[in-house]
Amino acid sequence: MVVRMGTRLASFTEAGKIATFITLIAAAVLISGCSKGQNVVGGSTPTPTPTPTPAAARMLVSDNSSGTINVVNAQTDVVTHTIAVPSPGKMVSAGGTTLIQSTIASTLTIFDNATEAIRFSMTLPAQPVDIAITPDGQTGWVAENNGTVQSISTATGTVSATFTVAGVQRLAIGPQGTTILAFNDTLANNFTVIVPGGSAPIGNIGLDHPTNAFFLGDDNHFTVADCGAECAGTQANVADVSLNNIGGPAVSAPLSLSGATEVLATSAEEFVAGSPATGLNAGTLQVVSRATFTAGTPFNIADGRHDQIALTSNGRLYVGS
C-alpha cells in the first residue's frame, strides 16, 4: 500500500544560502540583501543609481498527487512555474541545491535553486526512505529500502560511497556535514554512525529502539531519541552521545519521557515529541532542560508518528505527524 505523504515545502534563495524544509506546516524563507544606491558624478543634477531589486524569495512545493514540484513566489503566493518530478515528497535544501525524494519510485532528483531547473534525475538501486544534504550542498545522502546508504555528488550526480545499514529508515546529518547517523528503529539498542573513515554501529544497553537524533553544535555531540513502546520497546527516552572521547563514544544515562520520535534542541532546552498511545490528542510534547537534564510535564498534542519539528524566529514551535 502506498500512502501519499501530502505537500512538503523547501525554501531557497538565488544566492544559494542554506535553507531547511518544514513539512506540512510552514517554510522558512531567506531573502538576499540589496546594495545601497550611489550618485553619478558629473552634470548639473546628480542622478541616483536605481537600487537593484532583490531576488524574490521563493519556495518549492512538492505535490506527489500530481507528480510535480511548484516554484512559488513567497511574497505573492503565486506559482511561477511547475516541473514534473516522479512522486515527489521530502525535500532538503542547502548551498543552492535541493534534493527531492520520491515516495514510490526508485529515484532521487537534484534541483538547481538558481536556475530553477532539474540538474539530475537519478535512478537508484531501491526506493529511497530518507534523504539528507551537507551544509555546503555538495553531497547528498540517501537511505534506501534495500538496506544501503549512499553519498552522492550533487555536482555530477554520481555515487561516491555506499554503506550497508540493514533496515535503515532514517538519517540525521551533523552541522559540519561529516557525521551521518542511520537509524533502524526496530533495533533494540543501537544505530549506525557514518564518518569519513567508514561506518560502525554504536550500542548501549540503556537505549530503547533509537529512532532519531539532533546534533548539539558540532558533528561529535548529539541527542538520541528512543521511541520505546511506540516502536515495540518499553520506555521512550533521550540520551546524549559524544563520539570523540578517549576510549570511544560515550552514551549518557537516558532520561525517560512519555514519547520520543522527534527532537529539536537549543542551547537551553530540548523539545521532544512522540505518541505513547493512539487516539485524539494522545501524542505528547515535553521540554527538557539542557542544564539539569530534567523533563517538564508532557503537553498533549495530536497523535501519529511525529517526524517533523521546527522552531520559528518568533518562538512558535511546529510539530508534524
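Computed from the alpha carbon positions, the gyration tensor of the range 196-285 leads to an equivalent ellipsoid with semi-axes of 25, 15, 10 Å, biggest first.
Spacing of the modelled spin labels on D136 and A188, each 7 Å from Cα toward Cβ, amounts to 4.2 nm. The residues of the range 206-321 have, on average, 43 Å² of accessible surface per residue, using a 1.4 Å probe with all protein chains present. If I compute solvent accessible area with a 1.4 Å probe over the protein chains, what percent of it on the range 206-321 is carbon and sulfur? For the range 206-321, the apolar C and S fraction of the accessible surface comes to 53 percent. Note on Q127 and L317: the model spin-label points, each 7 Å out from Cα along the C-beta direction, lie 3.3 nm apart. Modelled spin-label separation between A200 and R305, with each label point placed 7 Å from Cα along the Cα-to-Cβ direction: 3.0 nm. Our summary of shape: the Cα atoms of the range 81-164 have principal axis extents of 36, 26, 17 Å, ordered from largest down, in whole angstrom.
Largest first, how would L108, L216 line up by accessible area (1.4 Å probe)? The partial results should precede the final answer.
Values: L108 0, L216 45 Å².
The most accessible residue leads, giving L216, L108.
The values are calculated or read from the model by the stated rules, or taken from the named source; none is laboratory data. Given the structure is predicted, the values throughout are model-derived calculations rather than measurements. No Cβ is skipped: glycine too gets one built from the backbone with ideal geometry, and neighbour counts run over all protein chains shown. Only protein heavy atoms, including side chains, enter the accessible area calculation; ligands, DNA and RNA are left aside. Shrake-Rupley method; radii C 1.70, N 1.55, O 1.52, S 1.80 Å.
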